[in-house]
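The values are calculated or read from the model by the stated rules, or taken from the named source; none is laboratory data. Given the structure is predicted, the values throughout are model-derived calculations rather than measurements. Cβ atoms come from the backbone with ideal geometry, glycine included; neighbour counts cover every protein chain shown.
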Amino acid sequence: MSSPIDLVRADLRDFAGYRSARSDKLDGDVWLNANESAWPNSADASARVRRYPEPQPEALRERLAALYGCRADEVIAGRGSDEAIDLLVRAFCVPGQGAIVTTPPTFGMYAVSARLHGARVVEAPLVDEGASFRCDADAIEACVLGSGATLVFLCSPGNPTGEIVPFDVVRDIATRLEGRAIVVVDEAYQEFASTASALTLLPSMRNVVVLRTLSKAHALAGARLGVAIGDAELIALLRRCQAPYPLPQPCVDLVLRALDTDSLATTRANAAVATRERGRLAAALEGAAGVRRVYVSSANFLLVRFDDAQAAFQRLLTAGVVVRDVRAQPGLGDALRITIGSAEQNDRVIAALAEAVPA
(Lines give C-alpha, C1' and ligand atoms only; values in the text may rest on other atoms or scores of the structure.)
Protein backbone atom coordinates (compact mmCIF):
# COMPACT_ATOMS: atom_id res chain seq x y z
CA MET A 1 0.00 0.00 0.00
CA SER A 2 1.55 3.30 -1.08
CA SER A 3 1.96 6.19 1.34
CA PRO A 4 -0.28 9.25 0.83
CA ILE A 5 2.84 11.36 1.36
CA ASP A 6 4.02 10.21 -2.09
CA LEU A 7 1.26 12.42 -3.56
CA VAL A 8 2.13 15.51 -1.52
CA ARG A 9 3.95 18.37 -3.24
CA ALA A 10 7.61 17.38 -3.36
CA ASP A 11 8.69 20.69 -1.84
CA LEU A 12 6.48 20.13 1.22
CA ARG A 13 7.34 16.55 2.14
CA ASP A 14 10.11 17.66 4.47
CA PHE A 15 8.52 21.03 5.31
CA ALA A 16 8.92 21.80 9.01
CA GLY A 17 6.33 24.59 9.13
CA TYR A 18 6.22 27.30 11.78
CA ARG A 19 6.96 26.37 15.38
CA SER A 20 4.99 28.65 17.64
CA ALA A 21 5.69 29.41 21.28
CA ARG A 22 3.15 26.73 22.22
CA SER A 23 4.67 24.02 20.02
CA ASP A 24 7.10 22.83 22.72
CA LYS A 25 5.88 21.33 25.97
CA LEU A 26 7.92 23.23 28.55
CA ASP A 27 7.53 23.37 32.33
CA GLY A 28 7.40 26.65 34.22
CA ASP A 29 5.04 28.96 36.03
CA VAL A 30 6.29 32.24 34.55
CA TRP A 31 5.80 32.18 30.79
CA LEU A 32 7.68 34.93 29.01
CA ASN A 33 8.22 33.23 25.66
CA ALA A 34 5.32 34.47 23.49
CA ASN A 35 5.22 38.24 24.03
CA GLU A 36 1.77 38.00 25.60
CA SER A 37 0.34 40.61 27.92
CA ALA A 38 1.11 40.11 31.60
CA TRP A 39 -2.37 41.48 32.43
CA PRO A 40 -5.74 40.12 31.28
CA ASN A 41 -8.16 42.25 29.34
CA SER A 42 -10.82 43.78 31.57
CA ALA A 43 -13.50 42.01 29.50
CA ASP A 44 -11.87 38.60 30.10
CA ALA A 45 -13.14 37.63 33.54
CA SER A 46 -11.56 34.18 33.36
CA ALA A 47 -8.16 35.54 32.28
CA ARG A 48 -8.04 32.61 29.86
CA VAL A 49 -7.53 34.43 26.59
CA ARG A 50 -4.49 36.55 27.31
CA ARG A 51 -2.46 33.44 26.47
CA TYR A 52 -2.17 31.96 22.99
CA PRO A 53 -4.04 28.63 22.81
CA GLU A 54 -2.47 25.26 22.07
CA PRO A 55 -2.33 24.71 18.29
CA GLN A 56 -4.01 21.29 18.66
CA PRO A 57 -5.18 20.78 22.26
CA GLU A 58 -4.62 17.18 23.29
CA ALA A 59 -7.85 16.99 25.31
CA LEU A 60 -9.81 18.18 22.28
CA ARG A 61 -8.15 15.73 19.89
CA GLU A 62 -8.76 12.86 22.29
CA ARG A 63 -12.43 13.83 22.64
CA LEU A 64 -12.84 14.11 18.86
CA ALA A 65 -11.08 10.78 18.34
CA ALA A 66 -13.51 9.14 20.76
CA LEU A 67 -16.45 10.75 18.95
CA TYR A 68 -15.35 9.53 15.53
CA GLY A 69 -13.84 6.18 16.50
CA CYS A 70 -10.26 6.86 15.46
CA ARG A 71 -6.89 7.68 17.05
CA ALA A 72 -5.95 11.18 18.19
CA ASP A 73 -2.97 11.24 15.82
CA GLU A 74 -5.39 10.72 12.91
CA VAL A 75 -7.25 13.99 13.64
CA ILE A 76 -6.50 17.61 12.82
CA ALA A 77 -8.94 20.26 14.01
CA GLY A 78 -9.35 23.63 12.33
CA ARG A 79 -11.65 26.53 11.54
CA GLY A 80 -14.50 24.49 10.12
CA SER A 81 -14.16 21.98 7.31
CA ASP A 82 -13.21 24.92 5.08
CA GLU A 83 -9.75 25.08 6.61
CA ALA A 84 -9.23 21.34 6.12
CA ILE A 85 -10.22 21.68 2.45
CA ASP A 86 -7.75 24.54 2.02
CA LEU A 87 -4.95 22.63 3.76
CA LEU A 88 -5.47 19.61 1.53
CA VAL A 89 -5.41 21.69 -1.65
CA ARG A 90 -2.25 23.49 -0.55
CA ALA A 91 -0.52 20.25 0.40
CA PHE A 92 -1.41 18.21 -2.68
CA CYS A 93 -1.62 20.73 -5.53
CA VAL A 94 1.42 22.50 -6.94
CA PRO A 95 0.39 26.15 -7.41
CA GLY A 96 -0.51 26.82 -11.02
CA GLN A 97 -0.16 23.16 -11.97
CA GLY A 98 -2.23 20.92 -9.71
CA ALA A 99 -5.82 19.80 -10.19
CA ILE A 100 -8.76 18.51 -8.18
CA VAL A 101 -11.88 16.58 -9.20
CA THR A 102 -15.34 17.61 -7.98
CA THR A 103 -18.81 16.21 -8.64
CA PRO A 104 -21.19 19.12 -9.29
CA PRO A 105 -23.66 20.19 -8.15
CA THR A 106 -21.72 20.15 -4.88
CA PHE A 107 -20.27 22.28 -2.08
CA GLY A 108 -18.62 25.32 -3.63
CA MET A 109 -15.58 25.62 -1.34
CA TYR A 110 -13.70 22.79 -3.07
CA ALA A 111 -13.53 24.82 -6.28
CA VAL A 112 -12.97 28.12 -4.45
CA SER A 113 -9.96 26.76 -2.55
CA ALA A 114 -8.50 25.23 -5.70
CA ARG A 115 -8.88 28.38 -7.79
CA LEU A 116 -7.40 30.60 -5.09
CA HIS A 117 -4.41 28.25 -5.14
CA GLY A 118 -4.11 28.26 -8.92
CA ALA A 119 -5.23 24.64 -9.28
CA ARG A 120 -7.58 23.45 -12.03
CA VAL A 121 -11.05 22.15 -11.20
CA VAL A 122 -12.06 19.10 -13.25
CA GLU A 123 -15.71 18.11 -13.03
CA ALA A 124 -17.35 14.68 -13.03
CA PRO A 125 -21.02 15.71 -12.70
CA LEU A 126 -23.48 13.77 -10.59
CA VAL A 127 -26.06 11.80 -12.55
CA ASP A 128 -29.65 12.90 -11.93
CA GLU A 129 -31.69 9.69 -11.75
CA GLY A 130 -35.02 11.32 -10.94
CA ALA A 131 -35.53 10.59 -7.25
CA SER A 132 -31.88 11.11 -6.34
CA PHE A 133 -28.41 11.78 -7.71
CA ARG A 134 -25.67 9.22 -8.35
CA CYS A 135 -21.89 9.56 -8.20
CA ASP A 136 -20.25 8.33 -11.44
CA ALA A 137 -17.16 6.35 -10.41
CA ASP A 138 -16.05 5.73 -14.00
CA ALA A 139 -16.18 9.44 -14.82
CA ILE A 140 -14.21 10.30 -11.68
CA GLU A 141 -11.49 7.81 -12.55
CA ALA A 142 -11.31 9.13 -16.11
CA CYS A 143 -11.00 12.71 -14.84
CA VAL A 144 -8.13 11.79 -12.53
CA LEU A 145 -6.28 9.82 -15.19
CA GLY A 146 -6.81 12.54 -17.79
CA SER A 147 -5.84 15.50 -15.62
CA GLY A 148 -3.35 14.10 -13.13
CA ALA A 149 -5.55 15.42 -10.29
CA THR A 150 -4.29 14.47 -6.85
CA LEU A 151 -7.52 15.18 -4.92
CA VAL A 152 -11.08 13.94 -5.42
CA PHE A 153 -13.80 15.59 -3.32
CA LEU A 154 -16.92 13.54 -2.64
CA CYS A 155 -19.67 15.17 -0.58
CA SER A 156 -21.75 12.49 1.19
CA PRO A 157 -24.50 13.28 2.01
CA GLY A 158 -24.25 15.68 -0.88
CA ASN A 159 -24.76 19.41 -0.58
CA PRO A 160 -27.14 20.62 -2.05
CA THR A 161 -28.39 17.29 -3.38
CA GLY A 162 -28.73 15.22 -0.18
CA GLU A 163 -27.63 11.95 -1.77
CA ILE A 164 -25.34 9.37 -0.17
CA VAL A 165 -22.28 8.09 -2.01
CA PRO A 166 -22.65 4.40 -1.11
CA PHE A 167 -19.89 2.93 1.02
CA ASP A 168 -18.96 0.39 -1.66
CA VAL A 169 -18.66 3.18 -4.27
CA VAL A 170 -16.29 5.18 -2.06
CA ARG A 171 -14.19 2.07 -1.51
CA ASP A 172 -14.19 1.30 -5.24
CA ILE A 173 -13.09 4.82 -6.17
CA ALA A 174 -10.35 4.82 -3.52
CA THR A 175 -9.13 1.41 -4.69
CA ARG A 176 -8.99 2.49 -8.33
CA LEU A 177 -7.11 5.67 -7.43
CA GLU A 178 -4.68 4.18 -4.90
CA GLY A 179 -1.28 5.74 -5.53
CA ARG A 180 -2.83 8.37 -7.83
CA ALA A 181 -5.16 10.55 -5.75
CA ILE A 182 -6.48 11.20 -2.27
CA VAL A 183 -10.23 10.64 -1.97
CA VAL A 184 -11.71 13.23 0.40
CA VAL A 185 -15.16 12.31 1.72
CA ASP A 186 -16.93 15.33 3.17
CA GLU A 187 -19.38 13.99 5.76
CA ALA A 188 -20.68 17.27 7.16
CA TYR A 189 -24.21 15.81 7.31
CA GLN A 190 -23.37 12.22 8.30
CA GLU A 191 -25.22 12.47 11.61
CA PHE A 192 -28.51 12.67 9.68
CA ALA A 193 -27.76 9.60 7.53
CA SER A 194 -28.46 5.96 8.29
CA THR A 195 -25.57 4.54 6.27
CA ALA A 196 -22.03 3.68 7.35
CA SER A 197 -19.38 6.39 7.53
CA ALA A 198 -16.32 6.27 5.29
CA LEU A 199 -14.32 6.41 8.53
CA THR A 200 -14.48 2.62 8.58
CA LEU A 201 -12.28 2.59 5.47
CA LEU A 202 -9.36 4.37 7.11
CA PRO A 203 -7.60 1.33 8.62
CA SER A 204 -7.29 -0.33 5.21
CA MET A 205 -7.16 2.61 2.78
CA ARG A 206 -4.47 5.22 3.37
CA ASN A 207 -5.66 7.44 0.48
CA VAL A 208 -9.02 8.24 2.12
CA VAL A 209 -9.51 11.40 4.20
CA VAL A 210 -12.82 12.10 5.93
CA LEU A 211 -14.05 15.59 6.81
CA ARG A 212 -16.46 16.10 9.71
CA THR A 213 -17.85 19.23 11.33
CA LEU A 214 -19.56 20.33 14.52
CA SER A 215 -21.48 23.03 12.64
CA LYS A 216 -24.54 20.99 11.68
CA ALA A 217 -25.92 18.30 14.02
CA HIS A 218 -23.89 19.60 16.97
CA ALA A 219 -25.31 23.13 16.50
CA LEU A 220 -21.89 24.82 16.82
CA ALA A 221 -21.68 26.67 13.51
CA GLY A 222 -20.49 29.82 15.27
CA ALA A 223 -17.65 27.97 17.00
CA ARG A 224 -16.14 27.15 13.59
CA LEU A 225 -14.66 23.75 14.35
CA GLY A 226 -14.21 21.03 11.77
CA VAL A 227 -11.80 18.15 11.40
CA ALA A 228 -9.94 16.10 8.85
CA ILE A 229 -9.38 12.45 9.75
CA GLY A 230 -6.93 10.25 7.92
CA ASP A 231 -3.57 8.52 7.82
CA ALA A 232 -1.46 9.70 10.79
CA GLU A 233 1.53 10.54 8.59
CA LEU A 234 -0.65 12.70 6.36
CA ILE A 235 -2.32 14.42 9.32
CA ALA A 236 1.11 15.26 10.77
CA LEU A 237 2.05 16.91 7.47
CA LEU A 238 -1.18 18.95 7.41
CA ARG A 239 -0.40 20.17 10.91
CA ARG A 240 2.92 21.51 9.67
CA CYS A 241 1.07 23.40 6.91
CA GLN A 242 -1.48 24.92 9.28
CA ALA A 243 -1.24 28.52 10.48
CA PRO A 244 -0.31 29.05 14.16
CA TYR A 245 -3.02 28.98 16.82
CA PRO A 246 -5.99 28.03 14.61
CA LEU A 247 -8.36 27.24 17.49
CA PRO A 248 -9.55 30.11 19.73
CA GLN A 249 -9.57 29.10 23.40
CA PRO A 250 -13.25 30.05 24.03
CA CYS A 251 -14.27 27.83 21.11
CA VAL A 252 -12.19 24.92 22.41
CA ASP A 253 -13.75 25.27 25.87
CA LEU A 254 -17.24 25.33 24.37
CA VAL A 255 -16.58 22.30 22.17
CA LEU A 256 -15.25 20.26 25.08
CA ARG A 257 -18.46 20.97 26.99
CA ALA A 258 -20.55 20.16 23.92
CA LEU A 259 -18.89 16.75 23.60
CA ASP A 260 -19.65 15.54 27.11
CA THR A 261 -22.06 12.65 27.59
CA ASP A 262 -25.20 14.68 28.31
CA SER A 263 -24.64 17.14 25.46
CA LEU A 264 -24.01 14.34 22.98
CA ALA A 265 -27.25 12.64 24.03
CA THR A 266 -29.13 15.89 23.32
CA THR A 267 -27.38 16.28 19.97
CA ARG A 268 -28.39 12.78 18.90
CA ALA A 269 -31.97 13.33 20.02
CA ASN A 270 -32.19 16.57 18.05
CA ALA A 271 -30.74 14.88 14.96
CA ALA A 272 -33.41 12.19 15.25
CA VAL A 273 -36.12 14.86 15.40
CA ALA A 274 -34.65 16.58 12.34
CA THR A 275 -34.68 13.26 10.48
CA ARG A 276 -38.35 12.70 11.27
CA GLU A 277 -39.21 16.26 10.30
CA ARG A 278 -37.33 15.77 7.03
CA GLY A 279 -39.66 12.92 6.14
CA ARG A 280 -42.75 14.88 7.13
CA LEU A 281 -41.71 17.96 5.16
CA ALA A 282 -40.80 15.89 2.12
CA ALA A 283 -44.20 14.16 2.13
CA ALA A 284 -46.02 17.49 2.44
CA LEU A 285 -44.05 19.16 -0.36
CA GLU A 286 -44.45 16.22 -2.72
CA GLY A 287 -48.16 16.91 -2.72
CA ALA A 288 -47.90 20.68 -3.08
CA ALA A 289 -49.00 22.43 -6.26
CA GLY A 290 -46.09 23.78 -8.28
CA VAL A 291 -43.54 21.35 -6.81
CA ARG A 292 -41.97 19.28 -9.57
CA ARG A 293 -39.69 17.06 -7.50
CA VAL A 294 -38.47 16.52 -3.96
CA TYR A 295 -35.20 14.61 -3.92
CA VAL A 296 -34.43 11.86 -1.43
CA SER A 297 -32.18 13.33 1.27
CA SER A 298 -29.92 11.90 3.96
CA ALA A 299 -29.02 15.37 5.25
CA ASN A 300 -30.82 18.08 7.24
CA PHE A 301 -32.26 19.72 4.12
CA LEU A 302 -34.32 18.98 1.03
CA LEU A 303 -33.55 19.87 -2.58
CA VAL A 304 -36.80 20.79 -4.31
CA ARG A 305 -37.55 21.60 -7.97
CA PHE A 306 -40.43 23.95 -8.78
CA ASP A 307 -42.44 24.93 -11.83
CA ASP A 308 -41.61 28.52 -10.86
CA ALA A 309 -38.73 28.63 -8.36
CA GLN A 310 -38.69 32.43 -8.25
CA ALA A 311 -42.35 32.58 -7.27
CA ALA A 312 -41.80 29.94 -4.59
CA PHE A 313 -38.73 31.78 -3.27
CA GLN A 314 -40.66 35.04 -3.10
CA ARG A 315 -43.67 33.40 -1.45
CA LEU A 316 -41.41 32.01 1.27
CA LEU A 317 -39.74 35.39 1.77
CA THR A 318 -43.15 37.04 2.11
CA ALA A 319 -43.91 34.51 4.85
CA GLY A 320 -40.62 35.43 6.56
CA VAL A 321 -38.87 32.18 5.56
CA VAL A 322 -35.39 32.37 4.03
CA VAL A 323 -34.20 29.34 2.03
CA ARG A 324 -31.13 28.76 -0.14
CA ASP A 325 -31.46 29.71 -3.80
CA VAL A 326 -29.30 27.16 -5.67
CA ARG A 327 -30.45 28.01 -9.19
CA ALA A 328 -26.96 29.15 -10.21
CA GLN A 329 -25.56 25.65 -9.68
CA PRO A 330 -25.22 23.27 -12.65
CA GLY A 331 -28.49 21.56 -13.55
CA LEU A 332 -30.46 23.22 -10.74
CA GLY A 333 -32.01 26.18 -12.55
CA ASP A 334 -35.43 25.46 -11.01
CA ALA A 335 -34.38 24.39 -7.51
CA LEU A 336 -34.30 25.64 -3.93
CA ARG A 337 -32.62 24.04 -0.91
CA ILE A 338 -34.72 24.06 2.25
CA THR A 339 -33.07 23.38 5.62
CA ILE A 340 -35.10 21.28 8.05
CA GLY A 341 -36.29 23.51 10.87
CA SER A 342 -38.43 22.94 13.91
CA ALA A 343 -41.94 21.54 13.45
CA GLU A 344 -43.38 25.06 13.64
CA GLN A 345 -40.89 26.43 11.12
CA ASN A 346 -41.56 23.55 8.73
CA ASP A 347 -45.30 24.20 9.05
CA ARG A 348 -44.67 27.77 7.85
CA VAL A 349 -42.82 26.42 4.80
CA ILE A 350 -45.67 24.05 4.03
CA ALA A 351 -48.29 26.78 4.43
CA ALA A 352 -46.38 29.27 2.28
CA LEU A 353 -45.80 26.83 -0.55
CA ALA A 354 -49.35 25.54 -0.44
CA GLU A 355 -50.32 29.04 -1.58
CA ALA A 356 -47.51 29.43 -4.14
CA VAL A 357 -49.59 28.10 -7.02
CA PRO A 358 -53.41 28.12 -6.84
CA ALA A 359 -54.94 24.66 -6.83
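For (1) of a type in the set (Val, Ile, Thr); (2) in the same structural domain as residue 47 (by TED's automatic domain parsing); (3) on the phi < 0 side of the Ramachandran plot; (4) in contact with a Lys or Arg (Cβ under 9 Å, 6 or more places away or on another chain), each residue gets a yes or a no:
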| site | (1), (2), (3), (4) |
| --- | --- |
| 191 | no, yes, yes, yes |
| 228 | no, yes, yes, yes |
| 231 | no, yes, yes, yes |
| 235 | yes, yes, yes, no |
| 241 | no, yes, yes, yes |
| 268 | no, no, yes, no |
| 279 | no, no, yes, no |
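Restricting region 66-89 to residues that are under 17 Å from residue 185 (Cα atoms) and charged (D, E, K, R), the residue that is surrounded by the fewest Cβ atoms within 10 Å (Cβ to Cβ) is 82. Among the residues of region 220-256, those that are within 27 Å of residue 271 (Cβ to Cβ) and out of contact with any helix residue (DSSP H, G or I) (no Cβ under 7 Å at 6 or more places or on another chain) comprise 221, 222, 247, 248, 250, 253.
Restricting region 189-202 to residues that are among the small types (Gly, Ala, Ser) and closer than 15 Å to residue 275 by Cα leaves a set whose member that is surrounded by the most Cβ atoms within 10 Å (Cβ to Cβ) is 193.
Can you tell me which residues in region 169-188 are of a type in the set (Ser, Thr, Tyr) and buried (at least 23 other Cβ atoms within 10 Å of the Cβ)?
Pass one, region 169-188, residues of a type in the set (Ser, Thr, Tyr): 175.
Matches in region 169-188: none.
The single condition among (1) surrounded by fewer than 16 Cβ atoms within 10 Å (Cβ to Cβ); (2) closer than 24 Å to residue 193 by Cβ; (3) under 21 Å from the mean Cα position of the chain (by Cα) that residue 133 does not meet is (1). Listed by position, the strands (runs of 3 or more DSSP E) enclosed by region 144-246 that each have at least 2 residues that are of a type in the set (Val, Ile, Thr) and under 20 Å from residue 103 (Cα atoms) are 182-186, 208-213. Screening the candidates 308, 253, 334 for the property of being exposed (fewer than 15 other Cβ atoms within 10 Å of the Cβ) and out of contact with any Cys (no Cβ under 7 Å at 6 or more places or on another chain) yields one hit, 308. Of all residues in region 2-21, those that are on the phi < 0 side of the Ramachandran plot and outside any loop (DSSP other than H, G, I, E, B) have Cβ atoms under 8 Å from Cβ atoms of residues that are acidic (Asp, Glu) and at pLDDT 90 or above, 6 or more apart or on another chain, in 4/231; 4/233; 5/233.
Among the criteria (1) free of Cβ contacts under 8 Å to residues at least 60 places away in the same chain; (2) within 19 Å of the chain's Cα centre (by Cα), the one residue 149 does not fulfil is (2). Of all the residues in region 60-80, those that are within 13 Å of residue 247 (Cα to Cα) and assigned to a helix (DSSP H, G or I) number 3. All of 163, 141, 123 fail the test of being among the charged types (D, E, K, R), crowded, with 21+ Cβ neighbours inside 10 Å and at pLDDT 95 or above, apart from 163.
Taking region 314-352 as the range and being in contact (Cβ under 8 Å) with a residue 40 or more places away in the chain and in contact with a strand residue (DSSP E or B) (Cβ under 7 Å, 6 or more places away or on another chain) as the test, the residues that pass are 324, 326, 331, 334, 335, 337, 338, 340, 349.
Please enumerate the residues belonging to region 203-215 that are surrounded by 21 or more Cβ atoms within 10 Å (Cβ to Cβ) and under 18 Å from the mean Cα position of the chain (by Cα). If the condition is that a residue be surrounded by 21 or more Cβ atoms within 10 Å (Cβ to Cβ) and under 18 Å from the mean Cα position of the chain (by Cα), then 207, 208, 209, 210, 211, 212, 213, 214 are the ones that fit.
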